[in-house]
Amino acid sequence: MTNNLRLGVNIDHVATIRNARGGGHPDPVRAARAAAQAGADGITAHLREDRRHISDDDMERLAHQIDLPLNFEMAATDEMLAIALRHKPHAACIVPEKREERTTEGGLDAAGGFDSLKPFVDALGDAGIRVSLFIEADVKQLDAAKALGAPVVELHTGAYCDAAPDDREAQLARVIAAAAHADAIGLECHAGHGLTFDTVGPIAAIPTIVELNIGHFLIGEAIFGGLESAIKRMRALMDQARADATGERSA
Ligand code: PXP
């Protein structure tokens, strides 16, 4: 590979489809193995409080039966902390969670929630789990993440992906500025949410972003052309955009 941009594949919605019927098919662990074959660098899964997609059993199998690093998305609750400490995933990404939301709407308020988040960041870090905070592309939130001692932030790209055409550039500029600030204050910078074949390029081109986490679009696209093909195409678009931005040749 000619660049350092990793792809984390979020397999939550394989579990969503399985849960529509109950039973075991399609199995998110099988999807994780297929993602590894297709070139993913990591697997991301969100164990929600209401268990609407990923189950406790899925999380246990993902943590212990796949070779790729696991990024465990979790709300800052005692229950989720205990699960993280039991399975010791490579990384834990703390996300805001509201029961009534369809997906993670907006980033964590790292600045306003500093005191309540601090024990979770510390406990995960002390256990050797790489802590990431899922935040908006906002200097105040980045500075709070740094002050909390999180080594990683994941920038929420939902506003950029959902923007009307005349607002897209402004939303992209916010992500670019935030990624530069993250680098300047020594935070590893990831990004994700809502990314598609059409929106991934400009985000992949931001040189200080080292990981993208992508789920819903890839699982949806897999219905039409297969998971492997969807991941390979996403990987190729990411690599091409990064290579174009840095002047390297894509592999
Ligand atoms: N990153 C985080 C922290 C998320 O919560 C999600 C959604 O679960 C994603 C990335 C992936 O978003 P999407 O499924 O829209 O690609």
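No value in this document is a laboratory result; all are computed from the given coordinates. Predicted model, so just to flag it, every value in this text is computed and none were measured. Ideal geometry is used to build each Cβ from the backbone, glycine not excepted, and the neighbour counts take in all protein chains shown.
When the P(r) is computed for the stretch 1-52, the part past 19 Å accounts for 33% of the Cα-Cα pairs.
Straight-line reach from Lys140: which lysines have Cα under 26 Å away, leaving out those fewer than 8 places along the same chain? Within the straight-line limit of under 26 Å, Lys140 reaches these lysines: Lys98, Lys118.
The Cα-based radius of gyration and maximum Cα-Cα distance (Dmax) for the stretch 41-152 are 13.3, 38 Å. Sorted from longest to shortest, the spans of the Cα atoms of the stretch 66-111 along the three principal axes equal 32, 23, 22 Å. Each 10 Å bin from 0 upward holds the following percent of the Cα-Cα pairs of the stretch 89-134: 27, 49, 23, 1. A Cβ-based charge dipole, computed about the Cα centre of the stretch 123-251 with Lys and Arg at +1 and Asp and Glu at -1, lands at about 260 debye. Its alpha carbons considered, the chain gives a radius of gyration followed by a Dmax of 17.0, 49 Å. Our summary of shape: the Cα atoms of the stretch 94-203 have principal axis extents of 43, 36, 24 Å, ordered from largest down, in whole angstrom.
Of the trypsin sites (Lys or Arg not before Pro) found in the stretch 162-251, the ones in coil according to DSSP and having at most 11 other Cβ atoms within 10 Å of their Cβ are Arg249. Could you size up the charge dipole of the chain around its Cα centre, putting +1 on the beta carbon of Lys and Arg and -1 on that of Asp and Glu, and report it in debye to the nearest 20? Charge dipole of the chain: 660 debye, to the nearest 20. Per-residue Cβ neighbour counts within 10 Å put Leu172, Leu218 in the sequence Leu172, Leu218, beginning with the fewest. Highest average first, the peptides 54-60, 5-11, 208-214 ordered by how many other beta carbon atoms sit within 10 Å of their residues are 5-11, 208-214, 54-60.
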